[in-house]
Amino acid sequence: MGGVEDDEPASKRMKLSSEALIHLSNGSTVKESIVGSSRDLMARPLQSDGGEEVVGSKGVIKKVEFVRIIAKALYSLGYIRSGAHLEEESGIALHSSIINVFMRQVLEGDWDESVATLHNIGLTDEMIIKSASFLILEQKFFEFLDEEKVMDALKTLRTEISPLCINHGRVRELSLSIVSPSHCFTVRSPKQNTSRARSRTKLLEELQKLLPPTVMVPERRLEHLVEQALGLQRDACMFHNSLDEEISLFADHQCARDQIPSYALQVDANGISLKHKLSGHQKPVSSVSWSPDDHQLLTCGVEEVVRRWDASSGECLSVYEKAGLGMVSCGWSPDGKWIFSGVNDKSISLWELDGRELECWKGQHTLKISDLEITSDGKQIISICRETAILLLDREAKVERFIEEDQTITSFSLSRDNRFLLVNLLNQEIHLWSIEDDLKLVSKYRGHKRTRFIIRSCFGGLEQAFVASGSEDSLVYIWHRGTGELIEALPGHSGAVNCVSWNPTNPHMLASASDDRTIRIWGLNNLSAKQKDTHGNGIHYCNGGT
């Protein structure tokens, strides 16, 4: 099921030129005559002057494959003469003669001949042959219907398509299109449109996806390889924090350290003006959360009540409470239409904005002091349920999953794509968990100090490729998320750094809050940060300019 080869040089091969195929795809006819029947053509490996000759310093790139991929790229870019010249000069054909014949037959609508040729290509996988034959005969079926040759279409369905014994659901749909002509439009796939020539070209693209890549080189294969190489370079770059458009093909990619926010742009202590003083809680306030549209605030007192405030007027809009119980955490649904709260009886409540409780999940769901997150689709509630465990509760499926740690969990943070969770532990480690399917510990981050206080961490940077954390030694720590390597420890604060937050729209901006009563905004030294439009996890972040 590999490639096919001819003995004669490229200039004498019996083939349909790529230029002619381009003309065919535009609806015109073939001018070159094809001698002999495709039934007489048998597949043979493509010939290369060097046999298994390789190129490149590593000795892993086969010359034949390399040249064929370049030729395919040239044709795809519209450089028809250059592609043909490369085939001629190298003696390496993009496709064998039998494949060129097969492509011509498909584009000209020679359905019976194309199916016969398909069987002579040398494929060993019977399912591939059947699936490709099905696509060809389906096209034949629809063209008969377009020409109002209903009996011919019915014969094709009964004697050619059905005996393949595959795609039974599709066969029933084709049958319906005969009984009800109006149904024909609903069962056509995107490749079967009103233009017959274009429809056949789309069919050829579908066939190309089915056939082995050694037989027909996939579309845009060279572009895919280059993009893959650039992606690997980007992922291996410790300091990559710039937009992908800045990666060049002319040199290996390597960002400098200056892409990481490490310069204090602003230190806020007494320079912030007070807009509202929200009074009403009888106990210390343990958490605050912006609504997704940033018009409202939720605040939670320590084992007290949750209050909802109008951010513009400072008015208290609602109070959420349960008789004899106290709230310990709060959060918004992604659409801002309801709220969640953790309760000190270890349950989680779902509330309407007007204060009516909609649902309550009882059990070992949340601690008295607990973080609470909701995934952006609103389906999962995440909370610390025991000292060493985090609960992931699927609201719709009523399924509970647990992240189990050996150490006491102090806090956690959810990634923007809902796929990862950062878990801060008592033993001065931060663990990265994958929560998309099976729960899996992915990486560990060490170096920061935590002995007395709750220290919080966050994801950040371009595509959240970094992890940042506060620390009791007054530093802000930054690791590369993929490798776990510590890349920055930023000095500047004079007290424990309790919390960090990476700007969700500017990958070059980071905020840190400290016991020294200051909030530091970190950025780049050259102040040339580019911004990318992204969104947070159900919480809207207000980001000031610098």
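The values are calculated or read from the model by the stated rules, or taken from the named source; none is laboratory data. Owing to the predicted nature of the structure, the values given are computational and were not obtained by experimental measurement. Positions of Cβ are generated from backbone atoms using ideal geometry, with glycine treated the same way; all protein chains shown enter the neighbour counts. In case anyone asks, the SASA skips ligands and DNA or RNA and just uses the protein heavy atoms, side chains included. Shrake-Rupley method; radii C 1.70, N 1.55, O 1.52, S 1.80 Å.
Under the definition of Cα pairs under 8 Å and six or more residues apart, what whole-number percent is the relative contact order of the range 276-524?
8
So which aspartates and glutamates can Lys58 reach, going by Cα to Cα under 14 Å and dropping same-chain residues fewer than 8 places off?
Candidates past the 8-residue exclusion: nothing left.
Treating the beta-carbon of each Lys and Arg as +1 and of each Asp and Glu as -1, no other charges, what is the dipole magnitude of the range 276-524 about its Cα centre, to the nearest 20 debye?
The dipole of the range 276-524 has a size of about 460 debye.
Would you tell me the accessible area of Lys379, worked out with a 1.4 angstrom probe on the heavy atoms of the protein chains, in Å² to the nearest 10?
90
Over the range 52-106, what is the mean sequence separation of C-alpha contacts under 8 Å (at least six apart), divided by residue count, expressed as relative contact order in percent?
Dividing the mean separation by the residue count of the range 52-106 yields 25 percent.
Starting from the Kirkwood Rh over alpha-carbon pairs, what translational D in µm² s⁻¹ does the range 276-524 have by Stokes-Einstein at 4 °C and 1.567 mPa s?
69
Please list the non-local residues whose amide H lies under 5 Å from the amide H of Ala311, H modeled 1.01 Å from N, same-chain partners needing a gap of 5 or more.
Gln296, Leu297
Gain in length, Thr408 to Glu359, computed as 0.36 nm per residue apart minus the alpha-carbon separation, to one decimal in nm? Show your work: numbers first, answer last.
Numbers: separation 49, 0.36 × 49 = 17.64 nm, distance 2.90 nm.
Separation in residues times 0.36 nm, less the Cα-Cα distance, equals 14.7 nm.
Excluding residues on the same chain fewer than 8 positions from Lys63, give the aspartates and glutamates whose Cα lies under 14 Å from its Cα.
Reachable aspartates and glutamates: Asp49, Glu52, Glu53, Glu87, Glu89.
When the accessible area of the range 276-524 is split by element with a 1.4 Å probe, what percent falls to carbon and sulfur?
Of the solvent-accessible surface of the range 276-524, carbon and sulfur hold 47 percent.
Reachable aspartates and glutamates from Lys444, Cα under 17 Å, same-chain residues fewer than 8 places away excluded?
By straight Cα distance, Lys444 reaches Glu404, Glu405, Asp406, Glu429, Glu485, Glu488.
With a 1.4 Å probe and every protein chain left in place, tell me how much accessible area Asp354 has, in Å² to the nearest 10.
About 120 Å², rounded to the nearest 10.
Quick one: check the C-alpha center-to-center distance for the range 90-127 versus the range 439-496, whole angstrom.
58
Starting from the amide H of Ile61, placed 1.01 Å from N in the peptide plane, find each other amide H under 5 Å away whose residue is 5 or more places distant or on another chain.
It is Val55, by chain and number.
Could you pull out the pairs from Lys322/Lys362; Lys140/Lys202; Lys209/Lys379; Lys379/Lys449; Lys62/Lys202 whose alpha carbons sit more than 24 Å apart here? All intermediate terms of the calculation are to be shown ahead of the outcome.
Numbers: Lys322/Lys362 14 Å; Lys140/Lys202 14 Å; Lys209/Lys379 36 Å; Lys379/Lys449 35 Å; Lys62/Lys202 30 Å.
Where the Cα-Cα span goes over 24 Å, the pairs concerned are Lys209/Lys379; Lys379/Lys449; Lys62/Lys202.
How much accessible surface area, in Å² rounded to 10, belongs to the heavy atoms of His119 with a 1.4 Å probe?
For His119, the solvent-accessible surface is approximately 100 Å².
Considering every pair of different Cα atoms, what Kirkwood radius, in Å, is found for the range 369-502?
For the range 369-502, the Kirkwood estimate is 15.0 Å.
Just the accessible area per residue of the range 276-524, please: how many Å² with a 1.4 Å probe?
Working: 10360 Å² over 249 residues.
I get 42 Å² per residue for the range 276-524.
With r defined as the distance between the Cβ atoms of Ser162 and Arg220 and R0 fixed at 51 Å, what FRET efficiency is calculated, to the nearest 0.05?
0.90
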